[in-house]
Structure formats: structure tokens, C-alpha cells
Amino acid sequence: MPTAALNGTELHWRDAGRGTRAVVLLHAFPLHSGMWSRQIEALAATHRIVAPDYRGLGGTGGSPEPSTMALLAGDVRALLAHLRIERAAVVGLSMGGYLALELWREAPGLFAGLALCDTKAGADTADGAAGREAFARSALTQGLHWVADQMVPKLLKPSPDPAAVGEVRRLIGEGTPVGVAEAQRGMAVRPDSGPTLATITCPTLVVVGEEDGLTPPAEAEKLAAGIRGASLARIPGAGHLPNIEQPAAFNRALAGFLAGLKA
């Protein structure tokens, strides 16, 4: 699990596989790249997998400024330049989807394909942004145990597997309160990506857990309808993290999509 000083932070990422096709995995809030362990294992035989941690989450150093999508996109682009990767399929889940859409706006030539998983295009409402700020302040004062208590019921299906609960709590606990707070503040000011959807020209897959309460299937349908030629995969028996709750079904959908991309 390498690290390097890039774009003003000490960036940590996972790097696996020796395939000629690169895949960038962008994780959900408030987790880190470890959430992709099953996908890395499944895909590394045929692809090179790069999965960064965002600032203050996982192994990447924190910074006392909002983790805006533009800032994180700068981190990802610096990492790919460091690794000499010029073209990749980009997979973003939840916050990772917001980041993937920012990357598209900044560097569409990077994309061999795009997978948007359990995410949405719209910006926060004023009330939504205020809620994120309140969450950020509570994370700083009450810590990661409180964050896990708040987030786990939202991230998993209504009757989750205890093993999934334990895994998600562990992943949250490996971040920092500052990282959680600044990620919330960064998401609060993200732009509306609705107009971006019509500009996406690369092959696109939209994935959603059928029991996702945070970004329900209706949001996935909007994404797929807004992107020309996009396909939609629904994952039964999963909430907001189908890659953890139903990895076999998620991996089939993702591997099938990646197999159809041009090098």
C-alpha cells in the first residue's frame, strides 16, 4: 500500500494487478479504499487496479480545508500522473461518484469507461448542506464511534448481515474526525452535475442496490436516463454498499462492463 507526497498531501493508495487496462476505484464516505477489497481481488488478474484514499480517510494525510471534489480530483490526477496512467475506467460509489463526475469535467480524455454506483447528480439543497455542517461539527466533537453509529444504518440494507456491520464500522474507524468533517464540507459545496450527464460520451454503467435508502433506485434511473447509452444494473439484497453486501452480483456487473471496454 504505497504512499507519495502529491498535490500537497501524503497520498495513500492501493495498487494491484498487472493488466494493461487500468481501473480507478473511488470510495464512499466515510470509508476508504479498503472497501474495495473484494473487487480488487476479483479484477486484479485482468486489470491494474488503483484505489486512492481521500484526505483524512484511510491512510492519506488530512488537511484543514474542505475536501471539495475539485481538490480530490487534483489528488487523483496527480496520482495517475505519478503512476503514468493516461487512460482508465473510473468507478465511483456514492461520494466517489461525485468525484468521478468532477474528473469527467476536468479530464474527459482519461475515461475509457465510467461506472456510477449508488450516487446521484444533484447538488445539496440548503438544508442538506446545513445538515452536513452539523454532522461535521459533531464528528469533530464526538468522534468516529459516533460517526459509525450514525452512518452504518444508512449505508447498509435495513436488516444487514452482522459481518457487514462490523466491516463498515472498522473501515469508518480507520479514518479521522477531521477527514470526516472536511469530506462533509466538501460534499456540501459540490456542483450540480445534472448538466454534466449529457456531456458524457464514454461507455457508462449505473449500479444501485435495490434497498439503497440514501440514493434509491429512482436516482440511479435518473442517472442512466441522462447519459446517452448508459446501462443500469440493480443489485438485489443490497443497500448503499452493494460491493460489500452483495459482492458476487456487484462484481459480475462490473466485470461484464469492463470486459466490453476498448483498451
### Query
From the set of residues in the stretch 120-156 that are more than 16 Å from residue 182 (Cα to Cα) and polar (S, T, N, Q), which is surrounded by the fewest Cβ atoms within 10 Å (Cβ to Cβ)?
125
### Residue ID - surrounded by the fewest Cβ atoms within 10 Å (Cβ to Cβ), chosen from residues in the stretch 237-257 that are out of contact with any Leu (no Cβ under 7 Å at 6 or more places or on another chain) and touching a residue at least 60 places away in the same chain (Cβ under 8 Å)
237
#### Entry: Residues satisfying the stated conditions in the stretch 93-119, i.e. part of a strand (DSSP E or B) and either among the polar types (S, T, N, Q) or buried (at least 24 other Cβ atoms within 10 Å of the Cβ) (or both)
93, 114, 115, 116, 117
### Message
Need pairs with beta-carbon distance below 9 Å; first residue over 17 Å from residue 63 (Cβ atoms) and touching a residue at least 40 places away in the same chain (Cβ under 8 Å) and within the stretch 182-198, second of a type in the set (Asp, Glu) and outside any loop (DSSP other than H, G, I, E, B); sequence gap 6+ or separate chains.
### Response
190/102; 191/102; 193/102; 196/102
### Query
Which condition does residue 154 not pass, out of (1) over 25 Å from residue 71 (Cα atoms); (2) more than 18 Å from the chain's Cα centre (by Cα); (3) not in a loop (DSSP other than H, G, I, E, B), if it passes all the others?
(2)
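Listed here are the residues, each with its yes/no results for (1) in a strand (DSSP E or B); (2) surrounded by fewer than 24 Cβ atoms within 10 Å (Cβ to Cβ).
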{"residue": "5", "(1), (2)": "yes, yes"}
{"residue": "14", "(1), (2)": "yes, yes"}
{"residue": "24", "(1), (2)": "yes, no"}
{"residue": "28", "(1), (2)": "no, no"}
{"residue": "37", "(1), (2)": "no, yes"}
{"residue": "48", "(1), (2)": "yes, yes"}
{"residue": "51", "(1), (2)": "yes, no"}
{"residue": "57", "(1), (2)": "no, no"}
{"residue": "67", "(1), (2)": "no, no"}
### Query
Are there any pairs with C-beta distances below 6 angstrom linking a residue in the stretch 23-37 that is free of Cβ contacts under 8 Å to residues at least 60 places away in the same chain to a residue that is hydrophobic (A, V, I, L, M, F, W, C) and outside any helix (DSSP H, G or I), with the two at least 6 apart or on different chains, and if so which?
33/51
#### Entry: Scope the stretch 157-197; condition of a type in the set (Val, Ile, Thr), more than 17 Å from the chain's Cα centre (by Cα) and part of a helix (DSSP H, G or I); matching residues
165, 178, 196
### Query
What single numbered condition from (1) assigned to a helix (DSSP H, G or I); (2) in contact (Cβ under 8 Å) with a residue 40 or more places away in the chain; (3) under 17 Å from the mean Cα position of the chain (by Cα) fails to hold for residue 82?
(3)
### Message
Can you go through 130, 89 and tell me which one is more than 24 Å from residue 174 (Cβ to Cβ) and assigned to a helix (DSSP H, G or I)?
### Response
130
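Rule-based calculations on the coordinates, nothing more; no lab input. The structure displayed is predicted, hence computed values, not measured ones. Don't worry about glycine lacking a Cβ; one is built from the backbone with ideal geometry, like all the others, and counts go over all protein chains shown.
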